[in-house]
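J.: Handing you a structure now.
The values are calculated or read from the model by the stated rules, or taken from the named source; none is laboratory data. Bear in mind the structure is a predicted one, so any value in this text is a computation, not a measurement. In this analysis, Cβ positions are derived from the backbone assuming ideal geometry, glycine residues included, and neighbour counts consider all displayed protein chains.
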Amino acid sequence: MALPTAAIEARGLVKRYGDVTAVDQVDLVVAANSIYALLGPNGAGKTTTLNILTTLTLPTAGTAQVAGFDVVKQAADVRRHIGVTFQDIVLDRDLTGRQVLDIHGQLYRLSRAERRQRIADLVALVQLEEAIDRDVKTYSGGMKRRLELARGLMTDPLILFLDEPTQGLDPQNRVGIWDYIRMLNRERGLTVLLTTHYMEEAEALAQRVGIIDNGKMVIEGSPAALSSTIGAELIRVQGIGDYLHFVDRLHSLEFVQRIDIDAPAGIIHIYVDNSNRRLVDVVNAASSNGFRVEDITVARPTLGDAFLHYTGRALRD
Ligand SMILES: Nc1ncnc2c1ncn2[C@@H]1O[C@H](COP(=O)(O)OP(=O)(O)O)[C@@H](O)[C@H]1O
Ligand SMILES: [Mg+2]
């Protein structure tokens with residue numbers, strides 16, 4: 001089956017739990033064959049959004065189509081076209097990897113032959129040949145994530161939903177999972193919607209990123225576009241003393257485009273026209289206003305800086 005141009009299309013999604021609005025008027029369009037990342041801190045509403053799109057949770061308001069089917073009225077059709085991996089790994093530890101995949105295939109009524117074929121294919125794909133007949137309880141975190149990925153693919157989905165696919169993994173294993181996700185997208189044309197609170201993950205994988213905070217979609221776009229909307233170049237300053245006078249002074253300098261303050265980390269982000277050229281002026285402004293610079297770096301804005309700018313908070317692990 002070919003997907004409609006928009007593999008996923010949601011309008012005005014709302015989910016309320018009592019007084020908590022977990023998802024607040026979210027609009028979302030994910031193009032077929034693309035990778036989209038929902039980026040936000042814990043409690044932002046990522047899992048709830050995913051649960052609505054994968055038919056596990058009913059929305060309080062709004063509509064969504066996945067693979068062209070309505071998530072409420074055509075939930076069974078939606079399920080037939082998607083694969084899902086969950087944030088909290090739900091692998092049964094007393095089963096072997098092969099049993100986990102086989103049971104999942106049975107759940108979806110695949111024949112024995114189909115299951116055998118697909119397991120062989122997926123085990124090779126995620127490189128679990130050696131471990132597949134061992135109990136899952138002997139697996140490392142990275143191996144469990146790979147098995148989860150294979151499980152999500154057992155039904156040969158058109159659209160894969162990944163909730164925090166690398167949470168808790170070390171950087172090396174994280175990059176490994178990224179490679180699988182990219183390959184699935186490139187070689188099998190899979191559409192991927194993933195959630196993450198790692199900005200590097202969104203930056204590395206996604207063609208489009210939606211920043212979500214307090215249930216609201218704050219802004220979306222390509223990682224490069226999101227980073228560059230906030231300014232050309234960036235000077236980050238960390239230091240000691242009262243920074244209010246220093247920041248006031250910065251605001252009066254004509255080359256300063258904007259300032260974001262990451263208060264908990266004590267880092268001031270100064271967006272300027274040319275960071276190398278303005279470095280000295282920034283240091284001078286600090287010292288003449290009683291702020292002692294301890295660390296100063298010049299950088300191009302990242303998705304993390306965009307996050308701070310649009311939400312007023314830094315994203316941290
Ligand atoms: N079943 C539920 N009942 C009550 N509140 C919930 C439920 N699920 C999620 N929430 C609340 O909704 C908000 C969003 O949660 P969630 O979607 O899990 O965020 P994220 O995945 O971005 O961390 C949080 O405030 C959370 O406590
Ligand atoms: Mg979550």
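J.: Look at residue 101 and say whether it is in contact with a Lys or Arg (Cβ under 8 Å, 6 or more places away or on another chain), surrounded by 14 or more Cβ atoms within 10 Å (Cβ to Cβ) and in contact (Cβ under 8 Å) with a residue 12 or more places away in the chain.
T.: Yes, satisfied.
J.: Look through 4, 59, 41 and report the one residue that is within 15 Å of the chain's Cα centre (by Cα) and outside any strand (DSSP E or B).
T.: On inspection, the qualifying residue turns out to be 41.
J.: For residues that are of a type outside the set (S, T, N, Q), within 24 Å of residue 108 (Cβ to Cβ) and not in a loop (DSSP other than H, G, I, E, B), tally how many sit in the stretch 62-81. Walk me through it before giving the result.
T.: Applying the first criterion (of a type outside the set (S, T, N, Q)) to the stretch 62-81 yields 62, 64, 66-73, 75-81.
Next cut, within 24 Å of residue 108 (Cβ to Cβ) only: 64, 66-73, 75-81.
Keeping just the survivors that are not in a loop (DSSP other than H, G, I, E, B) gives 64, 66, 69-70, 75-80.
Final tally of qualifying residues: 10.
J.: Return only the number of the condition from (1) surrounded by fewer than 17 Cβ atoms within 10 Å (Cβ to Cβ); (2) under 22 Å from the mean Cα position of the chain (by Cα); (3) among the β-branched types (Val, Ile, Thr) that residue 126 does not satisfy.
T.: (1)
J.: Any idea which of (1) under 9 Å from the mean Cα position of the chain (by Cα); (2) within 15 Å of residue 36 (Cβ to Cβ); (3) within 14 Å of ligand 2 (Cβ to nearest atom) is the one residue 211 doesn't satisfy?
T.: All conditions are met except number (3).
J.: Checking residue 15 against (1) in contact with a helix residue (DSSP H, G or I) (Cβ under 6 Å, 6 or more places away or on another chain); (2) outside any strand (DSSP E or B); (3) within 13 Å of ligand 1 (Cβ to nearest atom), which single condition isn't satisfied?
T.: Among (1) in contact with a helix residue (DSSP H, G or I) (Cβ under 6 Å, 6 or more places away or on another chain); (2) outside any strand (DSSP E or B); (3) within 13 Å of ligand 1 (Cβ to nearest atom), the lone unmet condition for residue 15 is (2).
J.: Let me ask something additional. Out of (1) within 22 Å of residue 177 (Cβ to Cβ); (2) more than 16 Å from ligand 1 (Cβ to nearest atom); (3) in contact (Cβ under 8 Å) with a residue 24 or more places away in the chain; (4) not in a strand (DSSP E or B), what's the single condition that is false for residue 121?
T.: It is condition (3) that residue 121 fails.
J.: If you scan the stretch 35-47, which residues turn out to be buried (at least 22 other Cβ atoms within 10 Å of the Cβ) and either under 16 Å from residue 15 (Cα atoms) or within 6 Å of ligand 1 (Cβ to nearest atom) (or both)? Step through it out loud before you land on a result.
T.: Taking the stretch 35-47 and keeping what is buried (at least 22 other Cβ atoms within 10 Å of the Cβ), we get 35-40, 44-46.
40, 44, 45, 46 - these are the residues of the stretch 35-47 that are buried (at least 22 other Cβ atoms within 10 Å of the Cβ) and either under 16 Å from residue 15 (Cα atoms) or within 6 Å of ligand 1 (Cβ to nearest atom) (or both).
J.: Tell me, which residue of the stretch 18-35 that is under 16 Å from residue 213 (Cβ atoms) and out of contact with any helix residue (DSSP H, G or I) (no Cβ under 9 Å at 6 or more places or on another chain) is nearest to ligand 2 (Cβ to nearest atom)?
T.: By that ranking, first place goes to 20.
J.: Would you check if residue 182 is under 25 Å from the mean Cα position of the chain (by Cα) and in contact (Cβ under 8 Å) with a residue 60 or more places away in the chain?
T.: Spelling it out, residue 182 is indeed under 25 Å from the mean Cα position of the chain (by Cα) and in contact (Cβ under 8 Å) with a residue 60 or more places away in the chain.
J.: Please work out which residue is farthest from the chain's Cα centre (by Cα), limiting yourself to the stretch 264-276 and to residues that are of a type in the set (Gly, Ala, Ser) and closer than 12 Å to residue 238 by Cβ.
T.: Residue satisfying both the conditions and the ranking: 266.
J.: Output the residues belonging to the stretch 258-296 that are in contact (Cβ under 8 Å) with a residue 12 or more places away in the chain and among the small types (Gly, Ala, Ser).
T.: Once the filter is applied, which keeps residues that are in contact (Cβ under 8 Å) with a residue 12 or more places away in the chain and among the small types (Gly, Ala, Ser), the stretch 258-296 yields 265, 266, 275, 285, 286, 288, 290.
J.: Next question. For the stretch 36-50, which residues satisfy the criterion of being within 10 Å of ligand 2 (Cβ to nearest atom) and within 8 Å of residue 193 (Cα to Cα)?
T.: Within the stretch 36-50, 38 is the sole residue that qualifies.
J.: Do you know which of the residues in the stretch 103-118 that are hydrophobic (A, V, I, L, M, F, W, C) and in a helix (DSSP H, G or I) is modelled with the lowest pLDDT?
T.: Top of the filtered list is 107.
J.: So residue 42 passes all but one of these: (1) in contact with a strand residue (DSSP E or B) (Cβ under 8 Å, 6 or more places away or on another chain); (2) touching a residue at least 40 places away in the same chain (Cβ under 8 Å). Which condition number does it fail?
T.: The one condition residue 42 does not meet is (1).
J.: What pairs come out if I take residues in the stretch 150-167 that are farther than 22 Å from residue 9 by Cβ and in contact (Cβ under 8 Å) with a residue 40 or more places away in the chain and pair them with residues that are part of a loop (DSSP other than H, G, I, E, B) and within 16 Å of ligand 1 (Cβ to nearest atom) whose C-beta lies under 6 Å away, six or more apart or interchain?
T.: From the stretch 150-167, the pairs are 164/87.
J.: Which is polar (S, T, N, Q) and touching a Gly at 6+ places or on another chain (Cβ under 9 Å), of 63, 57, 96, 47?
T.: After ruling out the rest, the residue left standing is 63.
J.: Which residues, counting only those in the stretch 161-189, are out of contact with any strand residue (DSSP E or B) (no Cβ under 9 Å at 6 or more places or on another chain) and either among the aromatic types (Phe, Trp, Tyr) or within 16 Å of ligand 2 (Cβ to nearest atom) (or both)?
T.: Those that are out of contact with any strand residue (DSSP E or B) (no Cβ under 9 Å at 6 or more places or on another chain) and either among the aromatic types (Phe, Trp, Tyr) or within 16 Å of ligand 2 (Cβ to nearest atom) (or both): 168, 169, 178, 180.
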